[in-house]
Amino acid sequence: MVGNKNSLATKIVVHTLLIFFCVLCLVPMLLTISISLTDNQELIRAGYQIIPQKFSIKAYYVIFQEPDTLITGYKNSIIVTAIGTFFNLLLTALIAYPLSRRSFHFKGVISAYIFFTMIFSGGLVPSYVLIVRYLHWKDTLLPLIIPAFATPFNIFLLRVLFQDIPDSLIEAAKIDGSSEINTFFRIVLPLSKPAIATVALMIILAYWNDVFNPILYLDSQKNFTIQMILQHVADFVTMIKNGGLMDATGQPIDPSTVPSDGVMFGLMVVSSLPMVFMFTALQKYFIKGITAGAIKG
């Protein structure tokens, strides 16, 4: 009886702490949405509030002044993220799978080589020269997709998660006449959905949130990603806030007429919403993936 009471008390404490932690995680998100929907003068007067006292969508009006540009940015980001994630994940899995098998004789040498590239890289200048001068990928989407293929960290992570697949299952497939490729696609990948989803989500976030490479390699607005477009909007608003832009009459634009804070927080909402939906869709597999291999019986 005493044990049951202690167990109940422990559950209450644990659930209370988890609820408190969830609230702490939700508050910044709610505050971001609230600020983006709050009137600029109200922000100046009362500061940031969870519940806006005076609603305004002027910040989103500024963000969506050129809807065609945003649509183009979303289209390019979706193309980069979708194609990049598919081939990146496929190549990562094809490398990680043999490294996870004990029967692969060269896994030590290959693992050491991959680990070396994770510690030491060629640097920005050689990469830029290779992509621009020799591959001629300047102002295309290719440098946003291909250089990120098969990152060492993802390979090692997927290798560890692949190790949860019993060797006996692989051996049984070989005895039944299954080839390595057939075993990989018909047995290993279906059994590794949580692991695949975990790595896929990390790759998706990396592609979607990439700002540096688009700024480095893209020149034409038709190729801009959504993050690059939103960065330009943020720079525009910052210049207005600092009094660095003039209107048609040559006078500095009054910063109080532009909801700078609302625009900044609205940019966060606009850029993060697709990833929120993606995480929600993959949440079930993601939780299984991050806990895979934590307990082995």
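General remarks:
- When L158, L141, L189 are screened for being open to solvent by less than 30 Å² (accessible area, probe 1.4 Å) and in contact (Cβ under 8 Å) with a residue 40 or more places away in the chain, only L158 passes.
- Filter pass, I71 being in a helix (DSSP H, G or I) and surrounded by fewer than 15 Cβ atoms within 10 Å (Cβ to Cβ): yes
- Any chance A82 is over 30 Å from I215 (Cβ atoms) and open to solvent by less than 70 Å² (accessible area, probe 1.4 Å): no
- Any chance S103 is open to solvent by 40 Å² or more (accessible area, probe 1.4 Å), in a loop (DSSP other than H, G, I, E, B) and among the polar types (S, T, N, Q): yes
- Figure legend. Inter-residue proximity from the stretch 221-247: first residues open to solvent by less than 50 Å² (accessible area, probe 1.4 Å), second residues among the aliphatic types (A, V, I, L, M) and modelled with pLDDT under 80, beta-carbon distance below 7 Å, spacing 6+ or different chains. Indicated pairs: V237/V258; I240/I253; I240/V258; L245/M239; L245/I253.
- I110 vs. criteria open to solvent by less than 60 Å² (accessible area, probe 1.4 Å) and either at pLDDT below 90 or part of a helix (DSSP H, G or I) (or both): no
The values are calculated or read from the model by the stated rules, or taken from the named source; none is laboratory data. Fair warning: this is a prediction, and the values are worked out from it, not measured in the lab. When we count neighbours, we look across all protein chains shown, and the Cβ atoms used for this are built from the backbone with ideal geometry, even at glycine. Keep in mind that these areas ignore ligands, DNA and RNA; they rest on the heavy atoms of the full protein, side chains included. Shrake-Rupley method; radii C 1.70, N 1.55, O 1.52, S 1.80 Å.
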